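Data first, discussion second: the structure below is written as structure tokens.
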Amino acid sequence: MRKGFTLVELLTVVAIMMVLGLIGVLSLTSKKNSTDLSTTVSEAAALLREAESRSTTEAQGVVWGVHFANVTNTAPFYALFSSAYAPTATISYYRLPSDIAYATATLPVGSTTNIIFNQVSGLPVAAVQIGFVSLSQKSLPSSTISVTTSGAVTY
């Protein structure tokens, strides 16, 4: 009696391992997309709160805001600025991950918006909503940051 594995047994084990590996890779990809979306939304909301805080404390004696850009000649980004948005007034700059985009219902392609907070009160000039979506996993729900006229930043 010989001991060992038949070719059929060996191919069955290899096929099972390939299926399990594929499931693992797909799971990790899905988790990464979900993490990218939630991290981007959290960071943008934190930046809005920082602009609000700097305006409230009258940092540098100017208003503060966040510029959201969905223009066609550069990758989508958002940036903290002082006074009025200009590349020279930008304090910090964040590009969206390649698999995340702005929801076109809140920031159409080719457009920009500034969310500016008034000095002392820290209240925004206007209520605004900015939405984010995953490009690579359409099944993920979009996430929206809302800035209300009372100054609440929620997502």
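The values are calculated or read from the model by the stated rules, or taken from the named source; none is laboratory data. Here the structure is a predicted model, which means the values were calculated and not measured. Cβ atoms come from the backbone with ideal geometry, glycine included; neighbour counts cover every protein chain shown.
Residues considered: 79, 126, 103. Of these, the only one that is more than 17 Å from residue 47 (Cβ to Cβ) and under 13 Å from the mean Cα position of the chain (by Cα) is 103.
The set of residues in the range 119-139 being under 19 Å from residue 61 (Cβ atoms) and either touching a Ser or Thr at 6+ places or on another chain (Cβ under 6 Å) or hydrophobic (A, V, I, L, M, F, W, C) (or both) consists of 119, 120, 122, 123, 125. Test residue 107 against the stated conditions and say whether it is surrounded by 15 or more Cβ atoms within 10 Å (Cβ to Cβ), among the aliphatic types (A, V, I, L, M), in a loop (DSSP other than H, G, I, E, B) and touching a Leu at 6+ places or on another chain (Cβ under 8 Å). Criteria not met by residue 107.
Looking at the range 68-75, is at least one residue surrounded by 16 or more Cβ atoms within 10 Å (Cβ to Cβ) and assigned to a loop (DSSP other than H, G, I, E, B)?
First, pick out the residues of the range 68-75 that are surrounded by 16 or more Cβ atoms within 10 Å (Cβ to Cβ): 68-70.
Then drop every residue that is not assigned to a loop (DSSP other than H, G, I, E, B), which leaves none.
No: the range 68-75 contains no residue that is surrounded by 16 or more Cβ atoms within 10 Å (Cβ to Cβ) and assigned to a loop (DSSP other than H, G, I, E, B).
Among the residues that make up the range 87-95, is at least one of them assigned to a loop (DSSP other than H, G, I, E, B) and either aliphatic (A, V, I, L, M) or modelled with pLDDT of 95 or more (or both)? Checked the range 87-95: no residue is assigned to a loop (DSSP other than H, G, I, E, B) and either aliphatic (A, V, I, L, M) or modelled with pLDDT of 95 or more (or both). Within the set 139, 42, the sole residue that is within 18 Å of residue 155 (Cβ to Cβ), among the small types (Gly, Ala, Ser) and surrounded by fewer than 19 Cβ atoms within 10 Å (Cβ to Cβ) turns out to be 42. Screening 45, 75 for residues that are modelled with pLDDT of 95 or more, within 30 Å of residue 139 (Cβ to Cβ), among the small types (Gly, Ala, Ser) and out of contact with any Gly (no Cβ under 7 Å at 6 or more places or on another chain) leaves exactly one candidate, 45.
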